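Notes follow once the structure below has been shown.
The values are calculated or read from the model by the stated rules, or taken from the named source; none is laboratory data. Because the structure is a prediction, the values reported are computed rather than measured. Ideal geometry is used to build each Cβ from the backbone, glycine not excepted, and the neighbour counts take in all protein chains shown.
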Amino acid sequence: MQTGLTYLCLIATMAATPLLALVMSAPAGEGAPVLVVSGSGAEARLRLVAEAGGYPVGPVSAPMATLAASDQPGFAARLEAAGAWFVLDAAFLSTICGANS
């Protein structure tokens, strides 16, 4: 029983670490590409981006996230007000992928 609990704690920690990194990343800057995270599905998220005055960056969306950009000020705030879980500066993706190392 103790071993099972230990493994469960280890798995929970491993699953929570990337989510914590996302939440603690820098807020989105004006005019910079952002990562829009929501559970609404790709099509609904693309509508949310368009209604907030933005456009998708790249040919596809991930199951829970979309890269997007806008030339209009306040884009991130509009996305959050419309229901996005997180709106993050997309520059952190290059760090995860090792581009800054």
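Could you list all residues from the stretch 36-72 that are touching a residue at least 40 places away in the same chain (Cβ under 8 Å) and under 18 Å from LEU88 (Cβ atoms)? Full working, then the answer.
Let us first name the residues in the stretch 36-72 that are touching a residue at least 40 places away in the same chain (Cβ under 8 Å), namely 36-40, 71.
Within the stretch 36-72, VAL36, VAL37, SER38, GLY39, SER40 meet the criteria.
With the requirement that a residue be in a loop (DSSP other than H, G, I, E, B), buried (at least 17 other Cβ atoms within 10 Å of the Cβ) and touching a strand residue (DSSP E or B) at 6+ places or on another chain (Cβ under 7 Å), what does the stretch 71-93 give you?
Across the stretch 71-93, the qualifying residues are ALA84, ALA90.
Run down GLY53, GLY58 and say which single residue is touching a Ser or Thr at 6+ places or on another chain (Cβ under 7 Å) and in a loop (DSSP other than H, G, I, E, B). Before the answer, list the steps.
On the way: GLY58 fails: touching a Ser or Thr at 6+ places or on another chain (Cβ under 7 Å).
The match here is GLY53.
Could you please find all residues in the stretch 44-64 being modelled with pLDDT of 90 or more and surrounded by fewer than 21 Cβ atoms within 10 Å (Cβ to Cβ)? Reasoning before the result, please.
Looking only at the stretch 44-64, we keep the residues that are modelled with pLDDT of 90 or more, and these are 44-57.
If the condition is that a residue be modelled with pLDDT of 90 or more and surrounded by fewer than 21 Cβ atoms within 10 Å (Cβ to Cβ), then ALA44, LEU46, ARG47, LEU48, ALA50, GLU51, GLY53, TYR55, PRO56, VAL57 are the ones that fit.
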